[in-house]
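What follows is a short report on a single structure.
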Amino acid sequence: MRVITFNANGIRAAERKGFFDWLTTQDADVVCIQELKAQPHQLQGMDAFWPAGFHCFYEGATNRKGYSGVAIYTRREPDEVIRGMGDAEFDAEGRYIEARFGSLSIASLYAPSGSSGDHRQDSKERYLAYFPKLLAEREAAPGDYLVCGDWNIAHNEIDLKNWKNNKKNSGFLPHERAWMDKLFGEWGFADVFRELNPNEDEFTWWSQRGRAWDNNVGWRIDYQVATPALAAKATAESVYREQRLSDHAPLTIDYDVAF
């Protein structure tokens, strides 16, 4: 099973930059997309956004146009699609969609960012308090669970280039990093990429200012987070950087799982 996660920073912009052309070459089974910046009805009738061979499910923001939104494409038709994480604030922003296939569940997540001001950091704090409840429910349920997406936190110093200058910035605050410690510790989930790749300078997001992309001055904030039994079946990872399809790069992980 090949799973791709990608923050498109506008799915229509990503299409113009060649994302869907690239996707046709990837032999993916599941694709999780974040930050659509489009309403689902705006994509109807446009073949590019309904790639052949996939069942496509979009979840847009209802409280603000041109904002947030998530999607999941899957070769196999899901048994069930769950829209939203069960919290009115975050569901209105289109931050979560989950597809279930028997004992396997895969979700696309776009966690809030606090970088644009205190009001957004306050929303992020509410998310950090709420989301573990959903994780606990999924972890306790039978089967495997995989959450793919932009978590908007770099976990460790290795996960961003200029960590010394970002210790007081949203996305690398001590309590946010401690939250990730719990995610990959007492809450029982695995950072699948790091299970496979312990190397430095492995990032998934680069500022569009200056020459951050060219100089690989980035952050690793896009993850595939899995229950341990599924994580143990991961066999390969890659971050695609040959084209700049967004300010994020697609993260692909292969699992030794029939799909």
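So the values come out like this:
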{"item": "Segments classed as strands (runs of 3 or more DSSP E), wholly inside the range 215-259, with at least 3 members that are closer than 16 Å to N197 by Cα and out of contact with any Lys or Arg (no Cβ under 8 Å at 6 or more places or on another chain)", "result": "222-226, 234-239"}
{"item": "Whichever residue in the range 102-120 is buried (at least 18 other Cβ atoms within 10 Å of the Cβ) and of a type outside the set (G, A, S) and, among such residues, is farthest from Y67 (Cα to Cα)", "result": "L104"}
{"item": "Number of positions in the range 109-162 that are closer than 16 Å to D91 by Cα, hydroxyl-bearing (S, T, Y) and out of contact with any Lys or Arg (no Cβ under 9 Å at 6 or more places or on another chain)", "result": "2"}
{"item": "Any hit, the range 202-210, residues being under 21 Å from D27 (Cα atoms) and of a type in the set (F, W, Y)", "result": "no"}
{"item": "All helices (runs of 4 or more DSSP H) inside the range 99-206 with 1 or more residues being within 24 Å of A61 (Cα to Cα), in contact (Cβ under 8 Å) with a residue 24 or more places away in the chain and among the charged types (D, E, K, R)", "result": "118-140"}
{"item": "Tally, over the range 11-51, of residues that are aliphatic (A, V, I, L, M) and touching a Pro at 6+ places or on another chain (Cβ under 8 Å)", "result": "1"}
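Let's see how each residue does on (1) touching a helix residue (DSSP H, G or I) at 6+ places or on another chain (Cβ under 6 Å); (2) among the basic types (K, R); (3) at pLDDT 95 or above:
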site	(1), (2), (3)
G149	no, no, yes
N156	no, no, yes
K161	no, yes, yes
A178	no, no, yes
W213	no, no, yes
Q224	yes, no, yes
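The values are calculated or read from the model by the stated rules, or taken from the named source; none is laboratory data. Values in this document were obtained by computation on a predicted structure and should not be read as measured data. Because the Cβ atoms are built from the backbone with ideal geometry, glycine has one as well, and the counts that use them run over all protein chains shown.
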